Amino acid sequence: MTAPAKYQRILLKLSGEALMGPDAFGINRDTIMQIVGQVKEVVDLGVEVAVVVGGGNIFRGMAQSAKGMDRATADYMGMMATVMNALALKEAFETLGVTARVQSALSMQAITETYARPKAIQYLEEGKVVIFAAGTGNPFFTTDTAAALRGAEMNADIMLKATNVDGVYTADPKKDPAATRYQTVTFDEAISNNLKVMDATAFALCREQKLNIVVFGIFKEGALKRVILGEDEGTLVHV
């Protein structure tokens, strides 16, 4: 018998790069199905799941490819990339029999709903996965900030940041073999130790709203479920 979930409503932040898998850019089908399969495991536990997805696998406003561009224009292009990723996630969820809805912060009525908080909460309560696209709908803000914002708006119990590293470390584990993983760390400790959990705006919003964060490795089989069950997985950043 499976233990009860520690969290009932989560906001999962996926980077666009996570969808690339071993590819240099774009969306890797096997990778996206692996990620969605992990999310299905927690949906099957009765957990309500909202997702914010980035667009760095297609276009990033701060990237070399945007050099010389007006920053706002580049950021809008990045937002549109997140919509493409959100639609790919929705299709993958529905392949596995999970009902999903995409809400975009930019109005694109021909392909997706426009973000509306009451409707999003209704979908979550109905057991549907809600995928938030187009960031905050404003340039100069990252999708980390969008995730913090949507997590607060959805009254999420926790924000989960999926990365390719299984938590927050004392140093870069790829460069320093002596680096150790934090099991838990406070917001204040993360700031004083200069641990780059996420960008400063997103981090400040989570701290202000008392929205705790778990940083975990999405490519570690069963990791998301273990986080949801409250097991020692990833790093909990707490107030």
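For the subset of segment 163-195 comprising residues that are modelled with pLDDT of 90 or more and among the aliphatic types (A, V, I, L, M), which member is surrounded by the fewest Cβ atoms within 10 Å (Cβ to Cβ)?
Per the criteria, the residue is 178.
Between a first residue in segment 105-129 that is on the phi > 0 side of the Ramachandran plot and a second residue that is modelled with pLDDT of 95 or more and surrounded by fewer than 18 Cβ atoms within 10 Å (Cβ to Cβ), which pairs have beta carbons less than 8 Å apart while being 6 or more apart in sequence or on different chains?
Once the first residue is on the phi > 0 side of the Ramachandran plot and sits in segment 105-129, its partners that are modelled with pLDDT of 95 or more and surrounded by fewer than 18 Cβ atoms within 10 Å (Cβ to Cβ) give 127/46; 127/99.
Got a number for residues in segment 16-67 being free of Cβ contacts under 8 Å to residues at least 40 places away in the same chain, charged (D, E, K, R) and part of a loop (DSSP other than H, G, I, E, B)?
Residues that pass the stated criteria total 3.
Test each condition in (1) surrounded by fewer than 19 Cβ atoms within 10 Å (Cβ to Cβ); (2) modelled with pLDDT under 95; (3) not in a loop (DSSP other than H, G, I, E, B) for residue 226 and report the one that comes out false.
The failed condition is (2).
Pairs needed: first member in segment 192-220, under 19 Å from residue 182 (Cα atoms) and touching a residue at least 60 places away in the same chain (Cβ under 8 Å); second member anywhere, of a type outside the set (Ser, Thr, Tyr) and surrounded by fewer than 15 Cβ atoms within 10 Å (Cβ to Cβ); C-beta distance under 7 Å; at least 6 residues apart or different chains.
Once the first residue is under 19 Å from residue 182 (Cα atoms) and touching a residue at least 60 places away in the same chain (Cβ under 8 Å) and sits in segment 192-220, its partners that are of a type outside the set (Ser, Thr, Tyr) and surrounded by fewer than 15 Cβ atoms within 10 Å (Cβ to Cβ) give 219/164.
The values are calculated or read from the model by the stated rules, or taken from the named source; none is laboratory data. This is a predicted model, so every value here is computed, not measured. Backbone-built Cβ (ideal geometry, glycine too); neighbour counts: all protein chains shown.
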